[in-house]
Structure formats: structure tokens, C-alpha cells
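The values are calculated or read from the model by the stated rules, or taken from the named source; none is laboratory data. Keep in mind the model is a prediction, meaning the values are calculated, not measured. Cβ sites come from the backbone with ideal geometry, for glycine too, and all protein chains shown count toward neighbours. SASA here: full protein model, heavy atoms, side chains in, ligands and nucleic acids out. Shrake-Rupley method; radii C 1.70, N 1.55, O 1.52, S 1.80 Å.
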Amino acid sequence: MAKVTIRDVADRAGVSTATVSRALSGAKRVSAAVEDQVRRAVQELGYSGNGIASALRRSRTDTVGMIVPSIVNPFFTSLVESVEHALQDEGRQLFLCSSRSDPQLEEQRLRSLVARQVDGIVISPVHGTGSTAAISWAAGELPLVQVDRYVTGVDSDWVGVDDDEALRLVVGHLSGRGVRTAAFISSRLTSSSTELRVAGFQSHTARLGIAVAPGALLLGEYSIDWGRTAMQRLLAAGPLPDAVVCADDLIALGVLQACSTAGVAVPEDVLVTGFDDIPFAALSDPPLTTVRQPQAAIATEAVRLLSQAFREPPHEPARLALAPSLVVRASTGG
């Protein structure tokens, strides 16, 4: 008779091998119902001895998986580096995956990390709804923390920046510079951060009496190309608003390029702001006024929440919106 393996137990119980390992090790990250399923499968199959010892040995790998939408975007590059540093301080290693802004690839990455039996996962979801099912499944298998973006209806922690506060700072700064009309260039409304930034721009411009003309809200993608294209549309439509607010720095860099090509002076003819404070923001021409995200603090909190989940029973999901700061540079006359 063939030797019973942990995979056989997982198949009988209808769970992953990682869940079997946690249930047998008493890791406290499975429900009572799942633990009962696993133990029934163990008894029915006669799984014991070296098999259980193997499961116990593999219950901790000192590795954490991280999935981001893009490793080309400098914001995510910096965030990954901050998470890796925070993990090193705890003696853990990072497995990095890019979902390439594709929910199906994101799901494949999640399943691969769970199969590798990483101790936990840090993820910035691709899509506000298209990512929900896969992230919900993964969060049921092992500790998971969402960063920057999040999907709702998932039993997991989240840590990111306070997007509404960020737009309050930006719009308040522009109002103080005498701005009376503004446009907003962003990605399509497919993620929580995008939705919150658009909502923050709309609410704070309305509160301060800054007019937003029809057609002055342009939604595309987080890229320099889109920023350039969107600004060309604003230039063609005319007249220019007093300020162009961008949902990230890549978009803002494209806006600055389009203005330079068209002979539009920044900030004399139009003020421009970004979001993230990537390294290129200080090197642009002119240097970019932007929102600085507390990336190191976001990474530290994400790793802390994971470590807490490793040690303690499941808890009410934490929602940590950390305070941003505004870096004023020449693109708004600073």
C-alpha cells in the first residue's frame, strides 16, 4: 500500500497542504471546522508518524510572498525594498511576484505562493472587484496583509496612505496659491486608491470653491504616456485650468513633458502636482510638488501585522491609513 502523504490529507479534507500543516502544528490560523476536517482526514487515511513530523517541520519557512501590480513603477519598487528591509530585521526572506496589472496572473501568483508554503503574503491588489475572490481564498489559507490598495469583503489587514488627507493637502495648497479652476488626471476607477483620490479631489475642490469643468476629469492609467496624452487633450480643449492635479507622479511627469513640448510654462501658465514622491519627482523640470507616502512606515506596519498574525489567533482586521505629507517644489511656485 502506498504511503499516505500530506497531499492525500489535503485532498481528502478539501484544503491546501499549507492548511493541513498549520492545523497539525497548532498554528491557530485555521478555524475549528477546518481543523476538524483535517483531523478526520488524518484518521481516515492513517496519516501519522513521519508524515506529521514532516508537516510540523514545514509549518514555518521564514519566507513571505509579496505581489505588486508592477515592478516598473518606482513607487512599488521602493515599497518592495522597504518591505524587504523590514522582513530582514525579523529574519525572513521575500519572494517577489509581479501581477502585471492582470487579475488572472495575480491569482496564479497567489496560488503559487500558497503552494510554496510561504508563511504569509503582502499584496497590493490589481482590481477592486476582480481581485476579490483570489485574495479572499488566499487570506483563508494563510496570513495576508493588503498594502496601498485593498479589496473589500476580505478578512485581512490593510495598511496604506490616507488618500483623502493627501488630496486635502494638495487642494488646500493650490487654493492658497490662488487656484480657482482645476483638472484631475488619474487611472480608471479599478482600485481603491484611485477611487479615493478621485473622491478626495472632487470633495475638496467643491469645499474650497475650485471649479472643475466638464471633461476636466480624465481617467486612463498610471503611466507617463497617459499623462502626456491627457494633457494634450486639455491643451486642445482649452482654456487651460489654473492647476492640473495628478493621481501619481508618472502621470505628472507626462503632463510636464506635454507642457514643455507645447510651450506652456509651469508654474507660470499652469500649476502641476503629483502623488507618491518617487525619486524622479525632485529631478523633473521643474521639480514636482507631490504627496509623499510614508513607505517605510507602511512596510513596517505590514510586516508587524503579519508577525502578529503568526503569533496570535485570528483578530478583527486592522485598517491603518497613515498620514501623508506634501512636498512643495517649483511646479506650484514653491
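Details
- Helix 163-176 and the longest principal axis of the Cα set of the chain meet at an angle near 10°.
- Once both labels are positioned 7 Å from their Cα atoms along Cα-to-Cβ, the gap between ALA330 and THR5 label points is 6.3 nm.
- Placing unit charges on the Cβ atoms of the charged side chains and taking the dipole of the chain about its Cα centre, the candidate lying farthest along the positive direction among LEU94, ALA282, ALA115 is ALA115.
- Exposure of ARG180 as accessible area (Å², to 10), given a probe of 1.4 Å and all protein chains: 110 Å²
- Computed over protein heavy atoms with a 1.4 angstrom probe, the accessible surface ordering of HIS127, HIS85, largest first, is HIS85, HIS127.
- The chain: most fluctuating residue of GLY238, GLY130, GLY200 per GNM, C-alpha cutoff 10 Å: GLY238
- The portion of the accessible surface of the chain made up by carbon and sulfur, rounded to a whole percent, is 51 (1.4 Å probe; DNA, RNA and ligands excluded).
- Counting only Cα atoms, the chain measures 80, 34, 33 Å along its principal axes, largest extent leading.
- The sum of -39500 (n - 2.57) across all DSSP H runs of n ≥ 4, divided by the residue count of the chain, sets its helix-only mean residue ellipticity at 222 nm to -14500 deg cm²/dmol.
- Between 0 and 90°, nearest 10: helix 32-45 axis offset from the chain longest Cα axis: 40 degrees
- Model label zone, LEU208; criterion: amide N under 17 Å from point 7 Å along Cα-to-beta-carbon; scope the range 304-334: 324-334
- Surface per residue (accessible, 1.4 Å probe) for the chain, Å²: 43 Å²
- FRET efficiency for the pair GLU268 and ALA199, taken as 1/(1 + (r/R0)^6) with r the Cβ-Cβ distance and R0 = 30 Å, rounds to 0.50.
- In Å², nearest 10: area of SER70 left accessible to a 1.4 Å probe: 30 Å²
- Protection proxy ranking for 112-121, 267-276, using the average of other Cβ atoms within 10 Å per residue and placing the highest first: 267-276, 112-121.
- Candidates ALA166, PHE184, VAL68 compared by Cα position along the dipole of the chain: farthest toward the positive end lies VAL68, with charges placed on Cβ.
- For the range 59-77 and the range 198-249, distance of Cα centres in Å: 31 Å
- Considering only beta bridges that DSSP places wholly inside the chain, some 10 percent are antiparallel.
- Mean separation of Cα contacts under 8 Å (6+ apart) over length of the chain, as relative contact order %: 16 percent
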